Structure formats: C-alpha cells, structure tokens
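Every read-out reported here was derived from the displayed coordinates using simple, explicitly stated rules and does not represent laboratory data. As the structure is a prediction and not an experimental result, all values here were calculated from the model. Methodologically, a virtual Cβ is constructed for each residue, glycine included, from the backbone with ideal geometry; neighbour enumeration extends over all protein chains shown.
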Amino acid sequence: MDDVFDIVASWDAEAECWIAVCDALPLATEAPTLQTLHERVNAIIPEIATLNGHEGGTFRLVTEPAPLIAAE
C-alpha cells in the first residue's frame, strides 16, 4: 500500500500568509491565499516526493482552524 502524507496548512497571522508543512517529505512553503498554496503544493510535490523516495504516495492538504476575519 502506498504511503499517505498529510500536508498541514495553517494561517500565520503575523506573516499574513498560509504555510504548508510536511516533515515526512520534507516540505515547507507559503502563499498569500489557501487556493494559491494548494496550487503551489501540487506543483512542487511530485519532485520533492521523487527526490525523497516517495513515488506513488498519496498527499492530502489538511487545514488547521483559522480565525474568521470580518470584511471591511
């Protein structure tokens, strides 16, 4: 069975960006929006997985709770 890797995305209020981390791959990246982060992770994950011997694995982007921000 292929490995399943959870890539944890969390909002960094101080940096005002989303951060994705997966220590098992290893992976760490950031983006201004969750959609952009998802696109970035999908773009870089194949190469990172291959370089670290995880070809054929399954990857999930899991978000941590983020505070709601009222529209101005």
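Annotation: amide H of residue 59 within the under-5 Å range of 5, sequence separation 5 or more or interchain, hydrogens built in the peptide plane.
Say a paramagnetic label sat at a point 7 Å from the Cα of residue 47, along Cα to Cβ; which residues of the range 26-41 have their backbone N under 20 Å from it? It comes to 26-32, 36-41, nothing else. Rounded to the nearest whole Hz, the Karplus-based 3J(HN,Hα) values (6.51 cos²θ - 1.76 cosθ + 1.60, θ = phi - 60°) of the range 16-22 follow the sequence 6, 7, 8, 10, 10, 9, 9, with x at glycine and proline.
Binning the C-alpha pair distances of the range 10-52 at 10 Å intervals from 0 yields a P(r) profile of 30, 51, 18, 1 %, listed from the shortest bin outward. Among 62, 41, 21, the largest mean-square fluctuation in a Gaussian network model of the chain (Cα springs under 10 Å) belongs to 62.
Spin-label model, residue 24/residue 2: points 7 Å from Cα along the beta carbon direction are separated by 1.3 nm. For residue 17, the residues whose modelled amide H falls within less than 5 Å of its own, excluding neighbours fewer than 5 places apart on the same chain, are 12. If one takes the longest principal axis of the Cα atoms in the chain, at what angle in degrees, from 0 to 90 and to the nearest 10, does the Cα axis of helix 34-51 lie? Helix 34-51 sits roughly 20 degrees off the main axis of the chain.
Here 25, 34, 51 are placed in order of increasing Cβ neighbour count within 10 Å, fewest first, which gives 51, 34, 25.
Of the listed values [x] 11.6, 40; [y] 27.5, 67; [z] 13.3, 48, grab the one calculated as Rg and Dmax of the Cα atoms in Å from the structure here. Matching the structure shown: [z].
Percent relative contact order of the range 4-63, based on C-alpha pairs within less than 8 angstrom and at least six residues apart? Reported relative contact order: 40 percent.
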